[in-house]
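One structure is given below, represented as structure tokens, and several questions about it will come after.
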Amino acid sequence: MPFDLGSQFEDLRADGVGQFAEHVNPLWARVLKIIGFDREYVRASGCSLWDREGREYLDMIGGYAVCNIGRNHPVVRKALADLLASDHPSMVQFEVPPLAGALAASLVSRVGRGLDRVFFANSGAEGIEAAIKFAKCASGRPTIVSTHNAFHGLTSGALAITGCESFREGFGPFDGRIRRVGFGDLEALERELSLGDVAAFVVEPIQGKGVNIPPPGYLEEASRLCKRHKTLFVVDEVQTGVGRTGSFLAIDQEGSIEPDMVVLSKGLSGGFVPVGAVLLTRRVWDSVFSRLDRAIVHSSSFHMGSLAMVAALATLAVYDDERLAERARSTGAHLAHGLRAMQSRYEFMREIRQRGLMIGIEFGKPKSLPLMAAWKLVSTLDRNLFTQAVTIPLMEDHRILTQVAGHGLSVLKLTPPLTLTIEQADRFLGAFDSTMAALHRFPGPGWDVVQRIAANSIRRPARPAREQAQPNAREPLYTSRDA
């Protein structure tokens, strides 16, 4: 019988839930069950998801900042349907694809800064891999400098410059010519650049892990330092780009910055088809693609697929038509104002970091003795545990999806679709207020979730005997002069 999704959809979905736990990622399925996120969604629109019982959920994660224009946007759906109905040839390879040209021209016009060449990729990590290769080739230098706590992706090269050790554990050794500096530390950056071996400084304008915002003027001065030391300045806008922070790029709000490369992905996809883009100067491009026999010295089978190009073109049209950068600024400011108004009432709330609709709520040690004892107990068990004690009741009691902002961080992160309404923002604020009130009564029912997680906590597997005999086997092989 021919495959027919419409007639088989329910069976495929029912079978697929158990098959995922069996064959795809059993541990992730277990984690989702422990924290109460093992829901099955059957419909999505804008900032909302619905389960089989018809219950609606507010999505404040947005697919890790992928769904900037909201889920299942009708403009992008129609564009993709029109392409599929057209019998358009895709991935001929030996062709000049006009859709890629149109998307490149649109991106170049928005980004400017002399970045008039575009290499298309399939993800943010793949874009970072390309940027690393291009930087080494164009500069003739071996070293990449990134920042502590950075996140640039999980493929091998991107992981090497990622600063989150929890992701790196077990996957080394990495290229030793990676060095890190503190995010915002210009003196440390200049020390590294002055050594004369740095191909590129790769930096997020706002760090995704923790939503760390740099000091004023940091990125502008980092750009100048790179130029002075003939080092390429690579800006990772994978998460911050396409309006997330209230402008097309986050660096649009940071003064005079002259990057040699900008990497985009996530929000460019419209939430449908993976796509990434590296915008770079003609000088860098010509250094890499330098002769006829190097015309495709870096490439990929899927990197200019027609579905991806159309999804991105339609997404950019929606971004313009619905003034999503402006909406990110206004709705983000509304959320930040509401959250900061709660800080005086809730001891656990340490800091609110916000730019557009990229928000981090950092929790910290309280002052009152009963709450301090509770914080110490939770922190001893797991540094992520308090924030999970916030995300779980938000889901269980209010049907709102939120996330912990990285391993070992007491930060709740919000990256909802930029289509979030003021009413939806107020729904989140009300739910968060209720959750905080419960957690500020200790002992109390709000802490039951902590006991549940602790009882079901995931234990690390024992290290192999070979590694136990070599205690330094997993020490990072990069150097860091400001550690």
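Whole number in Å², please: accessible area per residue of the stretch 324-419, 1.4 Å probe, ligands, DNA and RNA not counted.
Details: 3830 Å² over 96 residues.
Per residue, the stretch 324-419 has an accessible area of 40 Å².
Which of the three applies to the stretch 143-256, rounded, prolate or oblate, going by the alpha-carbon gyration tensor with a ≥ b ≥ c and a/c under 1.5 meaning rounded? Mind showing how you got there, number by number?
Details: a/c = 1.92, a/b = 1.14, b/c = 1.69.
In terms of gyration-tensor shape, oblate.
Over the stretch 29-168, with the other protein chains present, what is the accessible area per residue in square angstrom, probe 1.4 angstrom? Walk me through the numbers on the way to the answer.
On the way: 6050 Å² over 140 residues.
Value for the stretch 29-168: 43 Å² per residue.
Could you give me D for the chain, from Stokes-Einstein at 37 °C and 0.692 mPa s, where the hydrodynamic radius is the Kirkwood radius over C-alpha pairs? Units µm² s⁻¹, please. Intermediate results must be reported in sequence, preceding the final value.
Numbers: Rh = 24.0 Å.
Roughly 137 µm²/s, to the nearest whole number.
Can you list the lysines whose alpha carbon is less than 24 Å from that of residue 367, not counting same-chain residues fewer than 8 positions off?
376, 413
Please list, ordered by chain and number, the residues whose modelled amide H lies under 5 Å from the amide H of residue 147; skip anything fewer than 5 residues away on the same chain.
Sorted by chain and number, the residues that satisfy this are 181.
With charges only on Cβ, +1 for K and R and -1 for D and E, what is the dipole size of the stretch 347-418 about its Cα centre, in debye, rounded to 20? Don't skip to the end; give the middle numbers.
Working: 9 positive and 6 negative charges, 47 e Å.
Its charge dipole is roughly 220 debye.
Let me ask something else. Which translational diffusion coefficient, to the nearest whole µm²/s, is obtained for the stretch 25-119 from the Stokes-Einstein equation, given a Kirkwood hydrodynamic radius over C-alpha pairs, 4 °C and 1.567 mPa s? Don't skip to the end; give the middle numbers.
Numbers: Rh = 17.2 Å.
Rounded to a whole number, D works out at 75 µm²/s.
Now for a separate question. Quick one: what are the phi-derived ³J(HN,Hα) couplings along the stretch 210-222, Karplus 6.51/-1.76/1.60 with θ = phi - 60°, whole Hz, x for glycine and proline?
The phi angles translate into x, 6, 8, 9, x, x, x, x, 4, 5, 4, 6, 4 Hz.
When DSSP assigns beta bridges and you keep just the ones with both residues in the chain, what percent turn out antiparallel, to the nearest 5?
Numbers: 30 of 47 bridges.
Bridges in the chain that DSSP calls antiparallel: roughly 65 percent.
Out of the total accessible area of the chain (probe 1.4 Å, heavy atoms of protein only), what percent is carbon and sulfur?
Numbers: 12230 of 22210 Å².
Here it works out to 55 percent.
Give the residue list of chymotrypsin sites (Phe, Trp or Tyr not before Pro) in the stretch 1-50 that are DSSP loop and have at most 11 other beta-carbon atoms within 10 angstrom. If you can, show how the numbers build up before the last one.
Details: sites: 3, 9, 20, 28, 37, 41, 50; in loops: 3, 37.
Sites meeting the loop and neighbour criteria: 3.
In terms of the Cα gyration tensor, with a ≥ b ≥ c the square roots of its eigenvalues, is the stretch 220-358 rounded because a/c is under 1.5, prolate because a/b exceeds b/c, or oblate?
Working: a/c = 2.81, a/b = 1.56, b/c = 1.79.
Oblate, since a/c reaches 1.5 and b/c is not below a/b.
Also: Could you name the lysines whose alpha carbon sits less than 23 Å from that of residue 230, not counting residues in the same chain fewer than 8 places away?
133, 136
Taking square-rooted eigenvalues a ≥ b ≥ c of the alpha carbon gyration tensor, is the stretch 8-65 rounded, prolate or oblate, where a/c under 1.5 means rounded and, failing that, a/b exceeding b/c means prolate? It would help to have the intermediate numbers written out before the result.
Values: a/c = 1.98, a/b = 1.25, b/c = 1.59.
Here the stretch 8-65 falls in the oblate category.
Using a 1.4 angstrom probe, figure out how much accessible area the stretch 182-318 has per residue, in square angstrom, rounded to the nearest whole. Intermediate values should be presented prior to the final figure.
Details: 4620 Å² over 137 residues.
Spelled out: the 1.4 Å probe surface of the stretch 182-318, per residue, equals 34 Å².
The values are calculated or read from the model by the stated rules, or taken from the named source; none is laboratory data. Since this is a predicted model, take the numbers as computed values, not measurements. Cβ coordinates were reconstructed from backbone atoms using ideal geometry, including for glycine residues, and neighbour counts include every protein chain displayed. To get the accessible areas, we keep the full protein, side chains included, count just its heavy atoms, and leave off ligands, DNA and RNA. Shrake-Rupley method; radii C 1.70, N 1.55, O 1.52, S 1.80 Å.
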